[in-house]
Amino acid sequence: MIILKNVTKVYKNGTEALKKINMAIPKGEFAFIIGPSGSGKSTLVKLIMREEIATYGEIYVNGFDMQGIDRYQIPTFRRSIGVVFQDFKLLPNKTAYDNVEFALQITGTHKRDISKMVPQLLDVVGLKHKDKAYPDELSGGEQQRVALARAIANNPDLLICDEPTGNLDPKTSIGIIELLGRINKMGTTIIVATHDSNIVNFMQKRVIVLKDGRIINDKMRGQYI
Amino acid sequence: MSFTNFFRIIRESFTNLSRNRVLTITSIFTVFLTLVLIGVFGLFLLNLSYNASSLDELLEVKIFIVTEADIDTINAFNERLVLDSRIATIEYVSKEEAFESTKELFDEDLLDLGLGADFLPASFVVTLNNYDDVDYFVAEVREMPEVYKVVYHKDSFNFTSNYSKWIRMISGVLGAILAFLAVLLISNTIRLTVYSRNDEVVIMKFIGATESRIKIPFVIEGGLIGCIGAIISFIVTGLVYSKLYSAFASTSGEEMFLTGLRMAPLKETLLMIFFGYMVLGVLLGVLGSLMAIRRHLKV
Ligand SMILES: Nc1ncnc2c1ncn2[C@@H]1O[C@H](COP(=O)(O)OP(=O)(O)OP(=O)(O)O)[C@@H](O)[C@H]1O
Ligand SMILES: [Mg+2]
């Protein structure tokens, strides 16, 4: 599903964010990427969703070669992944329903299917009753749930989350991570970059530890260190 | 892209433009200035060429005789023209004929307005054999006491050849500068909407929107700016031109009759302005947004 071979990322200003990373994440896995601030978690995640391109090495995600992929293939690749950010990135002038609908419209889903799918998706994240609410009428946790519903709308094989609980209190964070656990049980591979020890310890899943751009630890049922 | 999708994008474009109101209005205004400048000079040249049409017409000289002149004076003048070897044809238009032909141009009865046949001068319409003689001939005739006025196409022709080169050049340079400014301003406006919609762009990107689906709304926004600018320009230019046109048509017959100038037909000209403006305006807008997208939209 995800394979990184000897991946190095040097930013334009010379910062070496990742150094010779080797890593494989099989289909259906739930993996945390942790490490101190500046260790390269976000960089790694950005390489996997091809927001950034590796300086050296090879990266394969969902069968796409991240180094050699054609420009016109990128939208197809992006439809096979879902992305969740720390700041939710909901459109403020759209309701919860419309925000989820937006993802389906963009990918050209048929109108009839959209009106069936959006309520189902909101149901999965437990927000069926808040479909008409605007983002500023929702709590942080609820906003992140809408973002999650949007991320899984096109039924991606892989869900990538960068600090999904960064703006949430511990209790709400556990709710979100439980939801991610449920989505994972339905077959979606999940990667969560975080420095939230709370959720890592709660899940007891694979933990990959980065430090100064290197993997220093990789345990199957890991704890936060 | 489906039909409903298209309309959604148009609606979104309007909303986004209204968010950056000042820049949008400035851009529209620049498009307006550019188009009106190009339009005014274009119309000027169009009317010029419309008036100085054929070479045959350039050989024609209209000599108006002072209204006080009696039959004897006119006959004597006619004699002199007949004897002039430079002249090919002579046509005499009496006061009465001039009055009749003018009357046909108007709905109102000129007599009702208190205008008698006397107010229009009699005239000779003379065609010369040789184009080179026109200047000398006209200069000669102008000196004669019984001649009230001489009208010939060399006037407008001279004007065309002497000044139109300059007019073309100046309007070309000014037009190019303004067009460049318009594109730059539109590009700035679109750049701001790109920035203000950065979140949306990021979301669309990660949802898997195609590059064109992300870019087209911005191109449409630029096109919309150009389109609105074109419509405003058309309204202003069209109003002024049709005012001028009707003023020209209803000036006291004397004036139109004496200058012999006509204006390019209203309907066709308006249509031409409209399409010209639309094409140019939209082109400026699309160019501006393409410039902004190329530099500021990382997909
Ligand atoms: N666009 C960029 N240009 C230059 N350097 C960058 C860029 N993004 C990140 N870096 C640098 O790369 C290194 C790794 O950054 P990264 O954001 O991947 O860390 P992180 O583990 O996500 O940190 P945090 O926990 O604070 O989010 C840091 O030294 C950072 O300053
Ligand atoms: Mg980070």
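Taken as a whole, the range A:143-157 holds no residue that is of a type outside the set (Phe, Trp, Tyr), more than 18 Å from A:Met23 (Cα to Cα), within 14 Å of ligand 1 (Cβ to nearest atom) and out of contact with any Phe, Trp or Tyr (no Cβ under 8 Å at 6 or more places or on another chain). Please tell me if A:Glu51 is open to solvent by 10 Å² or more (accessible area, probe 1.4 Å), within 16 Å of ligand 1 (Cβ to nearest atom) and within 12 Å of chain B (Cβ to nearest Cβ). For A:Glu51, the condition - open to solvent by 10 Å² or more (accessible area, probe 1.4 Å), within 16 Å of ligand 1 (Cβ to nearest atom) and within 12 Å of chain B (Cβ to nearest Cβ) - is met. The set of residues in the range A:12-25 that are in contact (Cβ under 8 Å) with a residue 12 or more places away in the chain and either open to solvent by less than 10 Å² (accessible area, probe 1.4 Å) or not basic (Lys, Arg) (or both) comprises A:Glu16, A:Ala17, A:Leu18, A:Ile21, A:Asn22, A:Met23, A:Ala24, A:Ile25.
In this structure, A:Asp87 qualifies as surrounded by fewer than 15 Cβ atoms within 10 Å (Cβ to Cβ), within 16 Å of ligand 1 (Cβ to nearest atom), under 21 Å from B:Lys205 (Cα atoms) and not aliphatic (A, V, I, L, M). Suppose the filter is within 14 Å of chain B (Cβ to nearest Cβ) and at pLDDT 95 or above; does A:Leu121 pass it? So A:Leu121 passes the test.
Would it be correct to say that A:Asn155 is of a type in the set (S, T, N, Q) and under 28 Å from B:Arg213 (Cα atoms)? For A:Asn155, the condition - of a type in the set (S, T, N, Q) and under 28 Å from B:Arg213 (Cα atoms) - is met. Applying the condition of being in contact (Cβ under 8 Å) with a residue 60 or more places away in the chain and more than 8 Å from chain B (Cβ to nearest Cβ) to the range A:55-79 and asking which residue is most open to solvent (accessible area, probe 1.4 Å) yields A:Asn62. For the range A:25-47, a residue qualifies if it is within 15 Å of A:Ala193 (Cβ to Cβ), out of contact with any Ser or Thr (no Cβ under 6 Å at 6 or more places or on another chain), more than 12 Å from ligand 1 (Cβ to nearest atom) and not aromatic (Phe, Trp, Tyr), and the qualifying residues are A:Ile25, A:Ala31.
Just name the residue that is farthest from the other protein chains (Cβ to nearest Cβ) out of those in the range A:26-45 that are open to solvent by 10 Å² or more (accessible area, probe 1.4 Å) and more than 9 Å from ligand 2 (Cβ to nearest atom). Step by step, filter the range A:26-45, then rank; the result is A:Pro36.
The values are calculated or read from the model by the stated rules, or taken from the named source; none is laboratory data. Quick caveat: nothing in here was measured; it's all calculated off a predicted structure. We place every Cβ from the backbone using ideal geometry, glycine too, and count neighbours over all the protein chains shown. When the accessible area is computed, the model is the full protein with side chains, heavy atoms only, and any ligands, DNA or RNA have been set aside. Shrake-Rupley method; radii C 1.70, N 1.55, O 1.52, S 1.80 Å.
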